[in-house]
Amino acid sequence: MSDKNVQNYWNRNLQYLGMLLTIWFIVSYGFGIILVEPLNTIKIGGFKLGFWFAQQGSIYVFVLLIFVYVYLMNKLDKEYDVDEK
Amino acid sequence: MDVQIWTLIIVGITFALYIGVAIWSRAGSTSEFYVAGGGVHPIINGMATAADWMSAASFISMAGLISFMGYQGAQYLMGWTGGYVLLALLLAPYLRKFGKFTVPDFIGERYYSQTARLVAVICALFVSFTYVVGQMKGVGIAFSRFLEVPFEWGIVIGVAIVFFYAFLGGMKGITYTQVAQYCVLIFAYLVPAIFISVYMVDNPIPQLGLGGKLADGTHLLTKLDQLSTDLGFMEYTTSNRGMVDMFFVTAALMLGTAGLPHVIVRFFTVPKVSDARKSAGWALLFIALLYTAAPAVAAFARTNMINTVSEKPYSELPGWFANWEKTGLLEFEDKNQDGLVQYYNDANSTYVAEVAEPNGWRGNELTVDRDIMVLANPEIANLPGWVIALVVAGGLAAALSTAAGLLLVISTSISHDLLKKWLMPKITEKQELRAARTAIGVAVVIAGYFGINPPGFVAQVVAWAFGLAAASFFPAIILGIFSKRMNMQGAVAGMITGLVFTGIYIWYFKYGGGNPEQYWFGISPEGIGTLGMLFNFVVALTVSRFTPAPPKEVVAIVEEIRVPRASSAKGNY
């Protein structure tokens with residue numbers, strides 16, 4: 001693979017990282033800590049929303065984020081022909 | 001049947017299972033001993049990682065902690081799960097591609113320096129030792145409380161079991177016993193959680209039960225908020241401490257998780273880079289099963305406890321209350337001699353003046369140890385004896401699996417990083433394997449000894465282990481992967497800055513006489529690792545700008561680990 005391709009592959013990877021880590025930050029530190037008070041005024045079922053993000057919601061999102069990353073990277077590896085045979 | 005007999009039977013069966021698995025999966029080479037030959041299926045590795053990760057503290061203490069902290073307990077829930085996102089995205093795939101045995105291996109080769117390797121080895125040893133002693137103590141307590149074996153003998157039994165399978169099987173034996181231990185511990189956690197969820201809110205899924213309605217039609221959390229304020233506590237679902245501190249503590253726990261050697265090393269055991277990513281996802285999924293049930297258990301237990309004891313006559317309390325009083329985990333002192341249990345927040349001065357004193361209350365009369373919230377749950381919900389026995393077996397599984405993973409890191413650090421890579425590079429594989437086994441034997445005995453006679457610093461496991469891992473390993477590894485310009489001087493300077501700063505801060509506030517008013521920006525010692533990490537990054541980046549760039553071979557390593565497929569020139573392993 002040419003150097004330019006390697007660089008492109010790496011940049012795409014960094015883009016995915018940036019996007020996924022932003023979500024990671026927003027659900028935990030954003031919704032769960034910084035914005036917890038305003039979000040607590042919204043109630044869904046028996047949960048105050050901010051409390052829910054802090055104690056359960058963020059964890060569900062974490063699991064999802066990793067599997068989304070797995071999916072994106074497997075696709076990217078194939079596209080750039082760097083997947084493991 | 002009597003609870004103690006049930007406990008003996010269930011604990012006996014699980015121990016026999018672990019030993020059987022260990023004999024079946026003996027290790028024959030250093031590669032098998034250190035990383036299970038690199039052939040573990042990603043889902044199996046995910047399960048093993050989950051057991052490795054969830055310690056006696058997760059299993060027994062966490063729900064209790066949340067129970068008393070309410071919303072604030074989220075710092076542990078998020079902190080001990082969010083790190084896996086960092087692991088999966090920033091560390092695991094690259095370290096797997098690097099394809100060596102330990103974290104100091106990576107640090108040593110990436111920074112072409114024995115000093116860097118040595119700093120990493122010392123950190124790995126210190127962090128792992130602090131952590132393992134806590135597990136040993138957990139094993140001793142579980143044995144002594146439920147089987148009426150003396151505390152010391154409980155530890156000796158635990159040490160013997162761990163020694164047996166870690167010595168025989170190394171990482172391979174540990175991996176497969178951890179899978180068995182995960183199954184035991186998750187079953188043991190969820191069965192009582194499900195029963196109690198059905199009993200309280202009529203919902204068989206505890207995760208959803210947390211948002212459910214009680215028999216009287218009010219939502220559980222609304223009721224709990226009201227019960228809490230009625231007794232002078234903060235609302236259960238509202239924050240009560242500084243936001244800055246919570247932010248830093250959560251971050252330190254996440255970054256520490258991603259930097260703990262016994263967690264990272266688990267990702268060296270899967271066959272491929274793509275498996276390392278996937279495996280982190282499975283690990284977190286298995287962990288999340290327990291971690292999303294924990295806040296539900298916490299809220300159920302708290303509501304139940306308040307409803308059962310508050311303002312009730314002592315003589316009419318259910319049988320479990322007396323049982324747990326015997327253990328000293330529950331204490332009742334009738335300060336105003338009215339025969340009723342007054343449980344309230346006597347540190348809240350307005351509440352004391354407005355409610356407590358007019359009622360003739362003379363202070364809070366009930367002291368509850370937080371561990372009781374998980375341990376007594378089955379009895380509070382009137383569950384049969386075998387469920388209680390299961391909880392004991394689950395707690396032991398959690399403690400033993402974590403202890404084994406840590407002991408392996410300790411033994412690899414000594415036999416591989418210190419002997420093979422530094423002091424005695426000429427030893428053969430057979431000698432190295434023998435050294436690894438000897439090291440695990442010695443480590444387990446020392447851990448057992450400290451479990452019985454804990455040194456002072458062990459009580460602060462969380463602050464030390466996570467703070468130091470966050471401030472040292474995390475930045476060094478990240479920079480090693482994401483910056484080609486990062487060199488030896490930068491990384492060593494960064495790690496030392498992070499370690500010294502974090503170490504001194506924790507030491508000063510835990511033993512050196514510092515008081516919370518002097519906290520920087522209100523950051524407690526548990527959260528200071530985050531600041532240490534930032535200092536590490538700044539120092540490393542600055543120093544590396546003014547010192548020579550790393551050699552070409554090292555830049556080539558970085559390029560190589562960024563791409564999953566092995567280039568034709570270099571093989572894997």
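The values are calculated or read from the model by the stated rules, or taken from the named source; none is laboratory data. Quantities reported herein were computed from a predicted structural model and do not represent experimental measurements. Using ideal geometry, Cβ is built from the backbone for each residue, glycine included, and neighbour counts are taken over all protein chains shown. Heavy atoms of the whole protein, side chains included, go into the accessibility calculation; ligands, DNA and RNA do not. Shrake-Rupley method; radii C 1.70, N 1.55, O 1.52, S 1.80 Å.
Going by what's in this entry, would residue B:120 be described as crowded, with 24+ Cβ neighbours inside 10 Å, within 14 Å of chain A (Cβ to nearest Cβ) and at negative phi? Spell out how you get there, then give the answer.
Details: crowded, with 24+ Cβ neighbours inside 10 Å: yes; within 14 Å of chain A (Cβ to nearest Cβ): no; at negative phi: yes.
For residue B:120, the condition - crowded, with 24+ Cβ neighbours inside 10 Å, within 14 Å of chain A (Cβ to nearest Cβ) and at negative phi - is not met.
Would you pick out the residues in the stretch B:14-29 that are assigned to a helix (DSSP H, G or I), in contact (Cβ under 8 Å) with a residue 40 or more places away in the chain and open to solvent by 10 Å² or more (accessible area, probe 1.4 Å)?
Let us first name the residues in the stretch B:14-29 that are assigned to a helix (DSSP H, G or I), namely B:14-24.
Filter once more, keeping what is in contact (Cβ under 8 Å) with a residue 40 or more places away in the chain: B:14-15, B:17-19, B:21-24.
Passing the criteria: B:14, B:15, B:17, B:19, B:21, B:23, B:24.
Within the stretch B:497-524, which residues are buried (at least 16 other Cβ atoms within 10 Å of the Cβ) and in a helix (DSSP H, G or I)?
Hits for the stretch B:497-524 are B:497, B:498, B:499, B:501, B:502, B:503, B:505, B:506, B:507, B:509, B:510.
Exactly one of (1) within 23 Å of residue B:380 (Cα to Cα); (2) modelled with pLDDT of 90 or more is unmet by residue B:310. Its number?
Of the numbered conditions (1) within 23 Å of residue B:380 (Cα to Cα); (2) modelled with pLDDT of 90 or more, the odd one out for residue B:310 is (2).
Here is a list of conditions, (1) over 22 Å from residue A:30 (Cα atoms); (2) out of contact with any Gly (no Cβ under 6 Å at 6 or more places or on another chain), and residue B:203 meets all of them except one; can you say which number that is?
Of the numbered conditions (1) over 22 Å from residue A:30 (Cα atoms); (2) out of contact with any Gly (no Cβ under 6 Å at 6 or more places or on another chain), the odd one out for residue B:203 is (2).
Among the numbered criteria (1) under 27 Å from residue B:331 (Cα atoms); (2) crowded, with 18+ Cβ neighbours inside 10 Å; (3) within 19 Å of the chain's Cα centre (by Cα), which one does residue B:389 miss?
It fails just one condition, (3).
Got a number for residues in the stretch B:332-344 being touching a residue at least 12 places away in the same chain (Cβ under 8 Å), out of contact with any Asp or Glu (no Cβ under 7 Å at 6 or more places or on another chain) and open to solvent by 40 Å² or more (accessible area, probe 1.4 Å)?
Final tally of qualifying residues: 1.
Give me the residue from the stretch A:17-40 that is of a type outside the set (A, V, I, L, M, F, W, C) and more than 8 Å from every other protein chain (Cβ to nearest Cβ) and, out of that set, nearest to residue A:82 (Cα to Cα). Talk me through it step by step, then tell me what you get.
Step one: of the stretch A:17-40, the residues of a type outside the set (A, V, I, L, M, F, W, C) are A:18, A:22, A:28-30, A:32, A:37-38, A:40.
Add one more test, that the residue is more than 8 Å from every other protein chain (Cβ to nearest Cβ), and what stays is A:18, A:22, A:30, A:38.
Working: A:18: 21, A:22: 26, A:30: 36, A:38: 46 Å.
My answer is A:18.
Among B:325, B:331, which is under 29 Å from the mean Cα position of the chain (by Cα), part of a helix (DSSP H, G or I) and not hydrophobic (A, V, I, L, M, F, W, C)?
Details: B:331 fails: part of a helix (DSSP H, G or I).
Within the list B:325, B:331, the selection yields B:325.
Which ranges mark the helices (runs of 4 or more DSSP H) fully within the stretch B:407-494 that have 3 or more residues being farther than 28 Å from residue B:133 by Cβ?
Where helices (runs of 4 or more DSSP H) fall fully within the stretch B:407-494 and carry at least 3 residues being farther than 28 Å from residue B:133 by Cβ, they are B:429-452, B:473-482.
Given B:405, B:395, which one is assigned by TED's automatic domain parsing to the domain that holds residue B:120 and touching a Phe, Trp or Tyr at 6+ places or on another chain (Cβ under 7 Å)?
Details: B:405 fails: touching a Phe, Trp or Tyr at 6+ places or on another chain (Cβ under 7 Å).
It is B:395.
How many residues are open to solvent by less than 20 Å² (accessible area, probe 1.4 Å), more than 7 Å from chain B (Cβ to nearest Cβ) and out of contact with any Asp or Glu (no Cβ under 7 Å at 6 or more places or on another chain) if we restrict to the stretch A:41-85? If you could, list the steps in order and put the result at the bottom.
Applying the first criterion (open to solvent by less than 20 Å² (accessible area, probe 1.4 Å)) to the stretch A:41-85 yields A:46, A:50-51, A:54-59, A:62-63, A:65-66, A:69-70, A:73, A:76-77, A:82.
Restricting the remaining residues to those that are more than 7 Å from chain B (Cβ to nearest Cβ) gives A:50, A:57, A:76.
Going one step further and asking which of them are out of contact with any Asp or Glu (no Cβ under 7 Å at 6 or more places or on another chain), we end up with A:57, A:76.
So the answer is 2.
Would you pick out the residues in the stretch B:172-201 that are β-branched (Val, Ile, Thr) and open to solvent by 10 Å² or more (accessible area, probe 1.4 Å)?
First, pick out the residues of the stretch B:172-201 that are β-branched (Val, Ile, Thr): B:174-175, B:177, B:179, B:184, B:186, B:191, B:194, B:196, B:198, B:201.
Matches in the stretch B:172-201: B:179, B:184, B:186, B:191, B:194, B:198, B:201.
Can you give me the number of residues within the stretch B:404-454 that are buried (at least 16 other Cβ atoms within 10 Å of the Cβ) and charged (D, E, K, R)?
Qualifying residue count, the stretch B:404-454: 5.
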